[in-house]
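The values are calculated or read from the model by the stated rules, or taken from the named source; none is laboratory data. Predicted, not measured: the structure shown is a model, and the values here were computed from it. In this analysis, Cβ positions are derived from the backbone assuming ideal geometry, glycine residues included, and neighbour counts consider all displayed protein chains.
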């Protein structure tokens with residue numbers, strides 16, 4: 001029996017606890033920040049705030065005490081929003097009594113530093129036993145038991161093999177990958193493109209526009225990932241193209257939903273206020289991604305226009321017009337847009 005701590009009881013953290021719990025062979029601690037979530041799971045075995053309608057197995061123990069969650073963990077799954085990663089791991093470092101395998105399941109970049117989540121965790125903890133779990137995986141569908149394929153990326157082959165073995169079941173298939181940079185950037189950058197896809201839908205554009213956006217979005221995601229040291233082929237995999245298609249087309253995508261409402265004319269502050277604590281990582285990732293692109297001298301026109309819409313009040317139609325009237329380019333190239 002492996003002791004697993006899941007830090008963050010949002011929709012994704014809760015879904016992971018359900019996947020692990022249905023195997024009935026792990027000792028699982030789910031750490032919840034919100035008192036409402038903690039009490040709801042204790043009383044009804046349901047996270048009514050973030051993932052209603054799905055029963056959490058009895059073997060998953062919920063706690064609001066971070067020390068209790070992490071003290072004896074052999075595997076630690078980080079499922080908190082990206083903006084809380086550094087602060088929580090500063091606490092976790094002093095509370096963990098052993099050196100656990102750490103799996104980041106957060107798809108984002110840290111503000112100001114533009115670091116990937118495993119980079120933040122490594123900086124804070126000094127651990128080299130790190131991996132990133134990513135891929136096309138809506139939490140509610142994972143919890144329901146829909147067949148889902150994801151990837152665990154790590155340069156630690158033992159960690160990758162352990163996570164693949166212990167997390168996989170008949171409805172949750174885990175592949176391994178050693179391109180941590182590519183997997184993490186794919187999971188983060190696709191959220192920006194998903195907001196853009198939602199904008200297109202919100203202003204009433206059709207399938208042609210979305211297909212073009214996804215394709216060109218993948219091109220600029222790949223340019224930045226390669227510039228940061230990733231392999232281009234990773235962006236054609238589950239954590240790149242797979243997750244991009246899901247979040248750009250699926251109605252369950254919070255990032256796409258933000259874009260839809262922007263396209264309909266609502267302000268970002270209004271949209272966020274109506275999300276009731278749910279996080280759309282792409283809102284935070286857009287600025288970090290653009291700054292990272294500037295550092296590497298990589299052109300990301302879609303991301304640039306999304307930044308203008310999110311942060312400068314630019315109208316979606318004006319942004320689309322500027323994208324469509326850019327100077328003519330060759331389609332296949334990795335160094336410019």
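Against the test of being assigned by TED's automatic domain parsing to the domain that holds residue 235 and more than 25 Å from residue 83 (Cα to Cα), the options 285, 303, 249 yield a single qualifying residue, 249.
Restricting 32, 79, 73, 69 to residues that are within 27 Å of residue 111 (Cα to Cα), more than 20 Å from the chain's Cα centre (by Cα) and buried (at least 23 other Cβ atoms within 10 Å of the Cβ) narrows the list to 69.
Helices (runs of 4 or more DSSP H) fully within region 219-329 that include at least 2 residues being closer than 25 Å to residue 148 by Cα and free of Cβ contacts under 8 Å to residues at least 60 places away in the same chain: 243-249, 254-263.
Residues that are touching a residue at least 40 places away in the same chain (Cβ under 8 Å), outside any helix (DSSP H, G or I) and in contact with a helix residue (DSSP H, G or I) (Cβ under 7 Å, 6 or more places away or on another chain) within region 139-168 comprise 149, 150, 151, 152, 153, listed in sequence order. Of everything listed in (1) at pLDDT 95 or above; (2) on the phi < 0 side of the Ramachandran plot; (3) surrounded by fewer than 24 Cβ atoms within 10 Å (Cβ to Cβ), the single unmet condition for residue 45 is (2). Taking region 231-272 as the range and being touching a strand residue (DSSP E or B) at 6+ places or on another chain (Cβ under 7 Å) and within 16 Å of residue 194 (Cβ to Cβ) as the test, the residues that pass are 238, 239, 243.
If you check residue 168 against the conditions, is it more than 18 Å from the chain's Cα centre (by Cα) and surrounded by fewer than 18 Cβ atoms within 10 Å (Cβ to Cβ)? Please lay out each step first, then the result.
Details: more than 18 Å from the chain's Cα centre (by Cα): yes; surrounded by fewer than 18 Cβ atoms within 10 Å (Cβ to Cβ): yes.
Taking the combined requirement at face value, the residue satisfies it.
For region 74-90, residues that are closer than 23 Å to residue 21 by Cβ and outside any loop (DSSP other than H, G, I, E, B) total 5.
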